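Nothing in this text is a laboratory measurement; each read-out follows from the coordinates by a stated rule. Just so you know, these numbers come straight off a predicted model, no measurement behind them. In this analysis, Cβ positions are derived from the backbone assuming ideal geometry, glycine residues included, and neighbour counts consider all displayed protein chains.
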Amino acid sequence: MSNQPRHHAIRGFRAAALPFALLAALPCGAESLRVDYTVGASVLHSDNINLSATTPESETVVSPEIEFEATQSGSATAFKARGRLQYLDYRDNTYPDEARGEFAGQFQWMLVPQRVAFVVEDYLGRQPVDFAAGYSPGNQQQVNVFNAGPTLFARFGDAMRGQVDLRYSDTHAEETREFNGRRYLAGARVFRDVGPSRTLSANVEATRVRFDADASDDYDRYDGYAGYRRESARLDLDAALGYTRIERDDGTGSQSSPLARVQLDWHPAPRSVVGVSASYQFADTASELVANSNRLDELVIDDIATATGLVGPSVYRQRRYEVGYRFEGERWTFQARPYVDRVDYDQALLPGWESRGAYIEASYRLQPRLTLSGSAVREDRDFEDGRDDRDTLLRAGLSYEFSRHLAGSLGWQRRERESNVPGQDYRENVATISISYRR
C-alpha cells in the first residue's frame, strides 16, 4: 500500500485545475461563446493496477470527470480550448486519491486592430516519471507549459505581410524538477500569398532557455526555416525546411541540425482522409507537449501513451514518420496509424531508442443507439543500451444512448509488456462501467 501523503493529491488537483481557472478568467464576449461538455462517472477494476511482474495488486477506482470544448470568436477576442478534469478515488488505497487533467487552450486579445495582439496559451498533459517503467498511476506526473506575449502585425501590400512574436514561457513538471524553468522567444516572419490557397513564409526564431535546478543545462536555440502551406477541398499541405543551432552555456560547444517537417492530408472521398507526416528536428519535452496538444482532436492522452522524449531539460534529435487513414461512414468508423520514431541524445548517459508501432480503431453502430467499438495498439521499442520492450493494448467497448444527452458504456482492456529486462514484464486486465451526460 502506498504511504504517500494525502496532500500530494491536493497539489495535483491545484496543478490540474490551474489552466481551467485561467480559461474561466479570460475576458470574452458571452454572446459568441460556445461550450460543449460531458459530465460523467466511471467505475474501473484492475487486476494489476501497479503493472508489476511479481506482486500485482487489484484495485477498484471510482472516477467522476468532466470533458469540455469551448470556442469564442469576436471582433477583439478569440479562443479555443479543450480539456478533461477527473478525480480518481482508489477504493482499496493502493494509491492516494488524485486529480488528473489534460488541457490545451489558446487565447488572443487584439489590443490594436490588425496591429497588436496579446496571446495566452496553456498546455497541460500527463507524462511518465520514469520513461522505461510501466505507465502505472505511481509513474505519472502533470507537465504544464504556459506561454504569453504580444504579436505585432504588418502588411506590405495585398499579397505580403509580416509578423513579430515575443513570448515568455514557464515550464513545470510535478515530479521532475529539472524540467522547471523559463523560456524567452523572439520570432520574425514574412508571409507571401502565391495563390488563392497557397502561402510561402520565411521564419527566424531565437529562444533563451533557463532552468531552475541546474544552470549548466541552459542553452540558446536559433531556428531559420522556409514554410509552404496549401489548403484546398481535397488536399492540405504544411511543410517547413531550414536549420537549427543550439549553443550551450556550459561551454561544451554547439549543436546543429537540419530542420524538416511535412504534414499532408488528402481527402480521396468525402468520408475518407489519408494523412502523411514526417519530421527531422531538434525537440524537447516542452515543444512536444505543445505540438501534440495543438492537435485538439487528440488532446486527451491515452493510457498507453509514453513521452516522445524523457521529461527533463535535454534536447534530442527526433525523426518521426507516420501514415494514417480515417473513414467515417453512416454506421462504420475506422482509423489506422502506423509510425516509426527515432530519438537520439548527444549525452552519453541518455540512451536513444527507436519505436515502431501502429494504432487501429473501429466502431460499428449495431442499432441506432447501440455501438460496438474496439482498438489495438502495438509498439516495439529498442533502446541503444540493449533493452527491448514490446507493448500491446487491446480494448473493446459497448455503448448505449438512452437519450440525446444521456449515455452509458461497458468496457474491457488488456495491457501487457514483454521485455528482455528481468522484472519489467506485466499483464493487466481492466473492466469499466460508465455513465455520462452530454450537453
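Taking a label point 7 Å from the Cα of residue 323 along the Cα→Cβ vector, which residues of segment 330-348 have an amide N closer than 17 Å to it? Only 335-341 fall inside the zone, counting backbone N under 17 Å. Approximating the spin labels as points 7 Å out from Cα along Cα→Cβ, the residue 91-to-residue 215 distance works out to 5.4 nm. Fewest neighbouring Cβ atoms within 10 Å first, the residues 107, 179, 68, 334 line up as 334, 68, 107, 179.
Computed about the Cα centre, the dipole magnitude for the chain is approximately 1720 debye when only Lys and Arg (+1) and Asp and Glu (-1) carry charge, each at its Cβ.
Note on the chain: GNM, Cα springs under 10 Å; of 141, 263, 114, the largest mean-square fluctuation is that of 114. Only one of [x] 135; [y] 169; [z] 153 was calculated from the structure for volume of the Cα convex hull per residue in Å³, and its label is [z].
Under the criterion of Cα pairs below 8 Å and six or more residues apart, the relative contact order for the chain equals 11 percent.
Here the gap between residue 369 and residue 230, fully extended at 0.36 nm per residue and compared with their Cα-Cα distance, gives a gain of 46.1 nm. At full extension, residue 192 and residue 33 could sit 54.0 nm farther apart than now, given 0.36 nm per residue minus the alpha carbon distance. Using just its DSSP H runs of length 4 or more, each adding -39500 (n - 2.57), the chain gives a mean residue ellipticity at 222 nm of -2000 deg cm²/dmol after division by all residues. For a modelled paramagnetic label at residue 401, 7 Å from Cα along Cα-to-Cβ, the residues of segment 43-77 in reach, with backbone nitrogen under 19 Å, are 67-69. Treating r as the C-beta distance of residue 170 and residue 332 and R0 as 41 Å, the FRET efficiency rounds to 0.40. In segment 47-205, a dipole from Cβ-located charges (positive for Lys and Arg, negative for Asp and Glu) runs towards its positive end, and of 185, 61, 195 it is 195 whose Cα lies farthest in that direction. Remark: the residue 45-residue 262 segment gains 74.0 nm on full extension, using 0.36 nm per residue and subtracting the alpha carbon distance.
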